[in-house]
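The structure under discussion appears below in the form of structure tokens.
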Amino acid sequence: MAKETEKQRWQRNFADLLQELRVAQTGVQILFAFLLTLPFSNGFTRATPFQKDVYIIALLSAAAAAAMIISPVAFHRALFRQGRKPELVRFSHHMATGGLAFMLISMVSAVLLITDFVLSRPIAVVLSAITAVWFLALWLVLPFARRNWGEDDIDDEDDDPVVLPGD
């Protein structure tokens, strides 16, 4: 198997990142759309001031997540054919990471909003905290704990766009 060139590696990292962003983008757009319609539903008038505050946090963090996850497209358009793939990959990586952080805030806030609406506040807080821990375990703890497992695996070599030269 021929070793890939640095240019090919950046191209592969960018393609991998775009695939990841497609998944995240769909999720954040669905959540954002749901949150945009919520104030127009009949039951929203019964929301408490706390629930409305949580709603605003969920809505604004979903908007921030959408903006950050979609921003690599605009950046790519601006840098198209300028030979700046490394800069694009680094920027896209940072935007994806920030977008996922805002998506986490939005999802946990949405869980808090709904559970606080249908259950007691203490139960809602506990369920939302469990949700946050679950997301953090799957999105942060497990991936970082996994980074050093199977270092001899040939299939995983240089497959992680998180570790970038000069980053």
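The values are calculated or read from the model by the stated rules, or taken from the named source; none is laboratory data. Because the structure is predicted, anything quoted here is derived from the model rather than measured. We place every Cβ from the backbone using ideal geometry, glycine too, and count neighbours over all the protein chains shown.
If a residue must be of a type outside the set (Phe, Trp, Tyr) and over 22 Å from Ala67 (Cβ atoms), how many such residues does the range 14-46 contain?
Result for the range 14-46: 6.
Does Ile69 satisfy the criteria of being under 24 Å from Val23 (Cβ atoms), surrounded by 21 or more Cβ atoms within 10 Å (Cβ to Cβ), free of Cβ contacts under 8 Å to residues at least 60 places away in the same chain and not polar (S, T, N, Q)?
Against the criterion (under 24 Å from Val23 (Cβ atoms), surrounded by 21 or more Cβ atoms within 10 Å (Cβ to Cβ), free of Cβ contacts under 8 Å to residues at least 60 places away in the same chain and not polar (S, T, N, Q)), Ile69 qualifies.
Inspect the range 126-139 for any residue being in a helix (DSSP H, G or I), under 30 Å from Gln8 (Cβ atoms), in contact with a helix residue (DSSP H, G or I) (Cβ under 7 Å, 6 or more places away or on another chain) and modelled with pLDDT under 90 and give the result as yes or no.
Yes, some residue in the range 126-139 is in a helix (DSSP H, G or I), under 30 Å from Gln8 (Cβ atoms), in contact with a helix residue (DSSP H, G or I) (Cβ under 7 Å, 6 or more places away or on another chain) and modelled with pLDDT under 90.
When only residues in the range 72-85 that are exposed (fewer than 13 other Cβ atoms within 10 Å of the Cβ) and either of a type in the set (Lys, Arg) or touching a residue at least 12 places away in the same chain (Cβ under 8 Å) (or both) count, which is nearest to Thr5 (Cα to Cα)?
Here the residue is Arg81.
Does Ala58 satisfy being assigned to a helix (DSSP H, G or I) and surrounded by 13 or more Cβ atoms within 10 Å (Cβ to Cβ)?
Criteria met by Ala58.
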